[in-house]
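Provided herewith is a single structure, encoded as structure tokens, for subsequent inquiry.
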Amino acid sequence: MMKKIFFILLLLLNIPFYAQPPGGGNGGGRRSQGQESESNEEQKIKKFSASDVAGIFYYDIEEILKKLKLKDETKEALVSKALKNYNFKIKEISFLNSGKLSDLEVVVNSSFNVNESENKEGMREQVEEVVRPIRENIDENEKELNLTLESILSEKQQKKWLKYQNKKKESLKPKKPDTSSRQGSRSNGGGMRRQ
């Protein structure tokens, strides 16, 4: 019995060593790790999110209430109700358009490797065709929310709210790759070799 347990333990201890090829599964070497991380960065950057482009997001009510530092319970309840109402309307918009948005994501993400300018222009038009009405609907709800909050909040709180809102919307915009730092290090390296 002890021999069987010992044998099983020995097998279990050796399994992790065989789970990955030698070199940690990266084909060995630092250079491939760097290349792998660059390609991962590119994939992260290229990932298209139709809901982000359309401006679909939900407000964290607790976080907003803390940021606004509302001391009046009535105001807090009104702000909370306005935000819940907005979130509900956005969930409705998201639900009603989920099929269109997911189809658009599949089409756009699968065509990122194509370099034809005609195809890219057609893709841009397709994105706008699907996203524009959704974004307009969201913008209407956002204006309604802002008007409601403007009637509740003080001027200082309203400024905090708008700053928070803009920051939240900016976070949805796709980030452009920072190639300047990579190119700068390459050109510096090239300059060193010549000297």
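Return the pair list, or none, for Cβ contacts closer than 8 Å from residues in the stretch 55-67 that are closer than 22 Å to S94 by Cα to residues that are assigned to a loop (DSSP other than H, G, I, E, B), at least 6 apart or on different chains.
Taking only residues 6 or more apart or on different chains, not a single pair turns up.
A further question follows. What number of residues in the stretch 147-160 are in contact with a helix residue (DSSP H, G or I) (Cβ under 8 Å, 6 or more places away or on another chain), over 12 Å from L65 (Cβ atoms) and surrounded by fewer than 17 Cβ atoms within 10 Å (Cβ to Cβ)?
Residues in the stretch 147-160 being in contact with a helix residue (DSSP H, G or I) (Cβ under 8 Å, 6 or more places away or on another chain), over 12 Å from L65 (Cβ atoms) and surrounded by fewer than 17 Cβ atoms within 10 Å (Cβ to Cβ): 2 in total.
Among residues belonging to the stretch 35-66 that are β-branched (V, I, T) and modelled with pLDDT under 90, point out the one that is surrounded by the most Cβ atoms within 10 Å (Cβ to Cβ). Lay out the reasoning, then the answer.
Filtering the stretch 35-66 down to residues β-branched (V, I, T) leaves 45, 53, 56, 61, 64.
From what is left, the residues that are modelled with pLDDT under 90 are 45, 53.
On the way: I45: 12, V53: 21.
That would be V53.
The values are calculated or read from the model by the stated rules, or taken from the named source; none is laboratory data. Fair warning: this is a prediction, and the values are worked out from it, not measured in the lab. For neighbour counting, all protein chains shown are included, and Cβ atoms are generated from backbone atoms with ideal geometry for every residue, glycine included.
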